[in-house]
Each structure stands twice: as C-alpha cells, then as structure tokens.
1. Taking only pairs six or more apart or across chains, which ones have beta-carbon atoms under 8 Å, a first residue in region 77-88 that is closer than 15 Å to residue 99 by Cα and in the same structural domain as residue 67 (by TED's automatic domain parsing), and a second residue that is part of a loop (DSSP other than H, G, I, E, B) and more than 9 Å from the ligand (Cβ to nearest atom)?
2. For region 89-110: of the residues being without any contact (Cβ under 8 Å) to a residue 12 or more places away in the chain and more than 19 Å from residue 44 (Cα to Cα), which is surrounded by the most Cβ atoms within 10 Å (Cβ to Cβ)?
3. Could you name every one of the helices (runs of 4 or more DSSP H) located completely within region 31-128 that has at least 3 residues being within 11 Å of the ligand (Cβ to nearest atom)?
4. Just need a number here: residues in region 12-56 that are over 16 Å from the mean Cα position of the chain (by Cα) and more than 13 Å from residue 118 (Cβ to Cβ).
5. Kindly establish whether residue 33 is out of contact with any helix residue (DSSP H, G or I) (no Cβ under 9 Å at 6 or more places or on another chain), in the same structural domain as residue 113 (by TED's automatic domain parsing) and more than 18 Å from residue 86 (Cβ to Cβ).
6. Which of the residues spanning region 111-128 are farther than 19 Å from residue 42 by Cβ and touching a helix residue (DSSP H, G or I) at 6+ places or on another chain (Cβ under 7 Å)?
Ligand code: HEC
C-alpha cells in the first residue's frame, strides 16, 4: 500500500512531462502545417493572379491553344485527366501550382502572365 502511494507520487511528474511533450509536439506540428498552408498565399505571383477577376472567354482561348491538346476541348480529358469540376476538387492555389510548377510530367511547366492565369482559372471554374 505504502509502495503504491510512493509510486504514484513519483509517476505524476513524469505523466505531466509526457503530456507537456505531446502537447508541444502537437502545437509545433500545427504551426508548421499552418505556415505551409499560408505560405503559398504569400507568393506574389499567386497573390496577383487571385487579385484579377479573370475573363472566361480569354481563358477559353488560352485553354484551347495550350491545354486542350492534352485535356480535351472543354476539358473532357484526353492524354491528361478530365478537368470537369476541377475547381471543386482543387483549390485555386493548387491549380495555379499545377500549371506553373512542371512537377507532373508530361504536363509542361507553363509561365502565363498573372492575368492570363486568372483568365484560365475563370474558364476552369466553368467546366462543370
Ligand atoms: C502535355 C500534356 C498536357 C498539357 C499541354 C497540359 N496538361 Fe494539365 N495535366 C496533364 C497530365 C498528364 C496531368 C496529370 C498529372 C498528374 O497528376 O500526375 C495534368 C493535370 C492537370 C491538372 C490537375 C488535374 C487534377 O484533377 O488534379 C490541372 C488543373 C491541369 N492539368 C491544368 C492544365 C492547364 C490549365 C493546362 C494549360 C495551360 C494544361 N493542364 C496543359 C497533361 C497536360
């Protein structure tokens, strides 16, 4: 009995330390995830793209020249996947990154002006 009481006393600070360690790790992870999530929005190019409203008709013309070869007219899909409802599946930031990063070959790395990119987004939003 005495032993048990002694053990509980010894263990308590350890339990507290474990809780403190776990909560620090959780908080730290949240801070890291949050900053990664917020960081792309500080990208000046993305900021500029999102500041334009975008012209759907210009976007369609840009799409037909640059993207329709792979994604099909109206984005129905061909070599590249269908882009129907893409703006519901992906955030605008991730669509912009997809277009400008060149990280998903065979899709090339595009360097549209911010205005052209905004027009493309406006067109992609309409592909339902
Ligand atoms: C050479 C062919 C090709 C061209 C040209 C091309 N793409 Fe792609 N695209 C792909 C392929 C292949 C994928 C799938 C890549 C992957 O996820 O691995 C893709 C993926 C995408 C995605 C993500 C789709 C999803 O459901 O996750 C978007 C958005 C996209 N392309 C937009 C565009 C736009 C806008 C253009 C024109 C500026 C373009 N693509 C031009 C081949 C192409």
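The values are calculated or read from the model by the stated rules, or taken from the named source; none is laboratory data. Not measured: the values here are computed from a predicted model. Positions of Cβ are generated from backbone atoms using ideal geometry, with glycine treated the same way; all protein chains shown enter the neighbour counts.
1. So the pair list comes out as 80/72; 82/72; 82/76; 83/77; 83/127; 86/127; 87/127.
2. Here the answer is 90.
3. Those helices (runs of 4 or more DSSP H) span 56-66, 68-71, 86-89, 92-101, 114-125.
4. The total comes to 20.
5. No; evaluated as a whole, the condition is false for this residue.
6. Filtering region 111-128 for residues farther than 19 Å from residue 42 by Cβ gives 111-113, 115-116, 119-120, 122-128.
Those that are farther than 19 Å from residue 42 by Cβ and touching a helix residue (DSSP H, G or I) at 6+ places or on another chain (Cβ under 7 Å): 111, 112, 116, 119, 120, 122, 123, 124, 125, 126, 127.
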